[in-house]
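Notes follow the structure.
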Amino acid sequence: MTQRLTPAEVAALTGLDERAIRKDLEHGIFGASSPPRFSFPAVVYFRAIVLLGLRLGAKDRRQLYRAIAEGLAAGKATVEIGSIAELRLASVKKEVEEKLDRFTEWKRRLVTDERILGGEPVFPRSRLAVRRIGAMLLRGASPEEIREDYPRLTNEDIELARLYTLAYPRLGRPRAQLEAPSR
């Protein structure tokens, strides 16, 4: 992976809260960059944090990131994370690569045209905004409900629309909700 990801993209792809990602930035675990962008070893690190399910201090997180980055650079399948534990780095790396590749390829198929919904990304051959489907999922709609209403969407479209909505939130202030006139 040569592209560098934003904190929101990393949060969406790894399942970690964006605040935890920004906290690691504050602790200087990755060095400084402005605006903050993350390399592939950092994404693998964040996914490993989620999979481990442990709360680690800043010093331990820094050591874990260093071990993962060095292990990836050396092509190791596992890295030691203490005297009695190993991290199966190859499986975490593979999971992150596959998800990132799927997401990147899927995003290429989206249509962005100023004449369609003012440039909002839509699914191919439709006027259906990706964020609309993602927002429905984030509000609690099930994939089955969405499939009923939009049968042309694939399972992958539905799954990745949620990630897209998390990774690329709308910019600006939220629109005010209009109330129906009282009778």
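The values are calculated or read from the model by the stated rules, or taken from the named source; none is laboratory data. A quick note: this is a predicted structure, and the numbers were derived from the prediction, not measured. Using ideal geometry, Cβ is built from the backbone for each residue, glycine included, and neighbour counts are taken over all protein chains shown.
The single condition among (1) outside the structural domain of residue 127 (by TED's automatic domain parsing); (2) assigned to a loop (DSSP other than H, G, I, E, B) that residue 73 does not meet is (2).
Flag set for residue 25, criterion: among the aliphatic types (A, V, I, L, M), within 29 Å of residue 165 (Cβ to Cβ), within 17 Å of the chain's Cα centre (by Cα) and at pLDDT below 95.
Please determine whether any residue of region 10-19 is loosely packed, with under 13 Cβ neighbours inside 10 Å, modelled with pLDDT of 90 or more, at negative phi and not assigned by TED's automatic domain parsing to the domain that holds residue 159.
First pass over region 10-19, keeping only residues loosely packed, with under 13 Cβ neighbours inside 10 Å: 17, 19.
Then drop every residue that is not modelled with pLDDT of 90 or more, which leaves 17, 19.
Subsequent filtering for residues that are at negative phi retains 17, 19.
So of that shortlist, the ones also not assigned by TED's automatic domain parsing to the domain that holds residue 159 come out as 17, 19.
Taking every residue of region 10-19 in turn, at least one turns out to be loosely packed, with under 13 Cβ neighbours inside 10 Å, modelled with pLDDT of 90 or more, at negative phi and not assigned by TED's automatic domain parsing to the domain that holds residue 159.
A count restricted to region 1-51 and to residues that are under 24 Å from residue 81 (Cβ atoms) and assigned to a loop (DSSP other than H, G, I, E, B) stands at 10. Criterion applied to 54, 64 was being assigned to a loop (DSSP other than H, G, I, E, B) and under 21 Å from the mean Cα position of the chain (by Cα), and the one residue passing it is 54.
Just name the residue that is farthest from the chain's Cα centre (by Cα) out of those in region 102-133 that are aromatic (Phe, Trp, Tyr) and under 18 Å from residue 9 (Cα atoms).
Filtering region 102-133 down to residues aromatic (Phe, Trp, Tyr) leaves 103, 106, 123.
Remaining after also requiring under 18 Å from residue 9 (Cα atoms): 103, 106.
Values: 103: 9, 106: 14 Å.
Checked region 102-133; the qualifying residue farthest from the chain's Cα centre (by Cα) is 106.
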